[in-house]
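Colleague: Below: one structure in structure tokens.
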Amino acid sequence: MTTVFTTTLLSGKTAKRRKLVQCSTLSKLADELGTDNFVQLEIPAEVYAANASHEAVIRLPVGQSTPPVMFGAPLDEMMGLKGDKGLPRVVGDALKLIRKEGQLKLDS
């Protein structure tokens with residue numbers, strides 16, 4: 001099937017140059033892409049469900065990724081001098097939660 005796809009819709013050179021790789025599980029996809037790239041993918045729930053029939057746990061490659069420094073990093077480094085890099089993910093997630101849940105109630 002992959003051969004038909006690559007030779008019909010893409011150049012025949014695509015398969016020969018390994019530009020297109022078939023991955024049977026999400027773990028194999030993570031191996032091909034590397035942890036940093038894999039965790040940035042927005043994978044639909046249907047893909048996770050289909051993958052569950054092939055493997056119980058998605059395994060990420062070990063030792064390829066260093067977690068980004070979020071806490072203690074200068075804000076201009078995280079966002080860019082003019083905010084061109086956008087909000088850090090943790091800040092965006094916190095704002096979404098506050099908007100969804102309304103005002104936070106603090107215990108006094």
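Colleague: Quick one: how many residues across region 32-48 are at pLDDT 90 or above and either surrounded by 14 or more Cβ atoms within 10 Å (Cβ to Cβ) or part of a loop (DSSP other than H, G, I, E, B) (or both)?
Modeller: 0
Colleague: Of the residues that make up region 49-70, is at least one more than 15 Å from Ser27 (Cβ to Cβ) and at pLDDT 85 or above?
Modeller: Yes, because at least one residue in region 49-70 is more than 15 Å from Ser27 (Cβ to Cβ) and at pLDDT 85 or above.
The values are calculated or read from the model by the stated rules, or taken from the named source; none is laboratory data. Everything numeric in this text was worked out from a predicted model, so none of it was measured. Here the Cβ is made from the backbone with ideal geometry for all residues, glycine too, and neighbour counts use every protein chain on show.
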